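Participant: Mind having a look at this structure? Questions to follow.
The values are calculated or read from the model by the stated rules, or taken from the named source; none is laboratory data. The model shown is predicted, which means the values in this text are computed figures rather than measured ones. Every residue, glycine among them, receives a Cβ derived from its backbone with ideal geometry; neighbour counts consider all protein chains shown. Surface areas here come from the heavy atoms of the whole protein model, side chains and all, with no ligands, DNA or RNA. Shrake-Rupley method; radii C 1.70, N 1.55, O 1.52, S 1.80 Å.
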Amino acid sequence: MKRQCTFSVNRFRYNHRDMFRIRCRSVGGESPVGSRLHRGEPMPEVMDAYESQEDAEKAAAKMQEYHDRFEAKRGKRKRRKR
């Protein structure tokens, strides 16, 4: 099954410091992680910005596992017969 959304870590500069944030990349483009991804059980804690890349990658992995678990329950879409 193809993933609907993949989570990546992006670096940005804020007040002369390198910060990291988690982004969701899907067919519609790249967007921040938000409450729209809530799937019925408590979502992993995701902050707006992280001080270190390792912390951001750990949070992205937790979010990816959470998202994949609920996407697997959805199953395949049924196509309309012609």
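Participant: Using a Gaussian network model on the chain with a 10 Å cutoff between Cα atoms, which of Glu71, Glu45, Glu30 fluctuates the most?
Facilitator: Of Glu71, Glu45, Glu30, the most mobile in the Gaussian network model is Glu45.
Participant: Here's a follow-up. Hand me the tally of lysine pairs in the chain: alpha carbons under 18 angstrom apart, and the pair either on different chains or 8 or more positions apart.
Facilitator: For the chain, qualifying lysine pairs total 4.
Participant: Now for a different question. Between Lys58 and Gln4, with labels modelled 7 Å along Cα→Cβ, what's the label distance in nm to one decimal, could you check?
Facilitator: 2.8
Participant: Then there is this: List every residue whose amide H lies under 5 Å from the amide H of Met47, counting only residues 5 or more places away in sequence or on a different chain, with H placed 1.01 Å from N in the peptide plane.
Facilitator: Under 5 Å from the amide H of Met47 lies no amide H from a residue far enough along the sequence or on another chain.
Participant: Moving on to the next point. Kindly report the accessible area of the chain per residue (heavy atoms of protein chains, probe 1.4 Å, no ligands, DNA or RNA), in Å².
Facilitator: About 83 Å² of surface per residue is accessible.
Participant: Counting only protein heavy atoms, what percent of the accessible surface of the chain is carbon or sulfur at a 1.4 Å probe?
Facilitator: Exposed carbon and sulfur together represent 47 percent of the surface.
Participant: Using the Cα atoms of the chain to build a convex hull, what is its mean projected area in square nanometres?
Facilitator: Quarter of the Cα hull surface area: 6.6 nm².
Participant: I'd like the orientation of helix 53-74 relative to the chain: the angle between its Cα long axis and the longest Cα principal axis, in ° from 0 to 90, rounded to 10.
Facilitator: 10
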